Amino acid sequence: MKIIQLSDPHLMAPGGRLHGSDPLARLEACLADIGRNHADADLVVMSGDLTNDGERAAYAALRQALAGFVPRCRLMLGNHDDRALFLEMFPEAPAGRGFVQSVF
């Protein structure tokens, strides 16, 4: 079984910069590399702070970046994320009792 873990992308609204870099561009480059070289992965786990400030635009950018992404992807929130907004933007995410969690 091939599992890939991505940690703490700290996404911002498109065009946003964090410490001199563009987190969305970095994530898109990473996902493209996985698609080219590891499309056979059984699972991609993205954990830690998905967004830098829990912004709606950052979650929308994440949703768009993952559209059409081939390996199955599980998203795990970090302390910078907004759980309620995440669940609004990703209603298909496994959740229970207000938490975003799952077993695979």
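For the reader, a short list of remarks on this structure follows.
- Intensity falloff of the chain expressed as log10 I(q)/I(0), Debye formula with alpha-carbon point scatterers, at q = 0.13 Å⁻¹: -0.44
- FRET E, pair HIS38, GLN64, Förster distance 22 Å, beta-carbon r, rounded to 0.05: 0.60
- Fewest neighbouring Cβ atoms within 10 Å first, the residues HIS19, HIS10, HIS80 line up as HIS19, HIS80, HIS10.
- With contacts taken as Cα pairs under 8 Å and at least 6 residues apart, the chain reaches a relative contact order of 30 percent.
- Inter-probe distance in nm under a simple model that places probes 7 Å from Cα toward Cβ, at ARG74 and ALA95: 1.8 nm
- Highest GNM mean-square fluctuation among ASN37, ASN52, ASN79, for the chain modelled with Cα contacts below 10 Å: ASN37.
- Modelled FRET efficiency - R0 35 Å, SER21 with VAL103, Cβ distances, 0.05 increments: 0.55
- In order along region 11-26, the phi-based Karplus estimate (6.51 cos²θ - 1.76 cosθ + 1.60, θ = phi - 60°) of 3J(HN,Hα) comes to 5, 10, 4, x, x, x, 10, 10, 6, x, 10, 9, x, 5, 4, 5 Hz; Gly and Pro are listed as x.
Where a number appears in this text, it was derived from the coordinates with a stated rule and is not lab data. Model, not experiment: these values are computed from the prediction. Neighbour counts run over all protein chains shown; Cβ positions are idealised from the backbone, glycine included.
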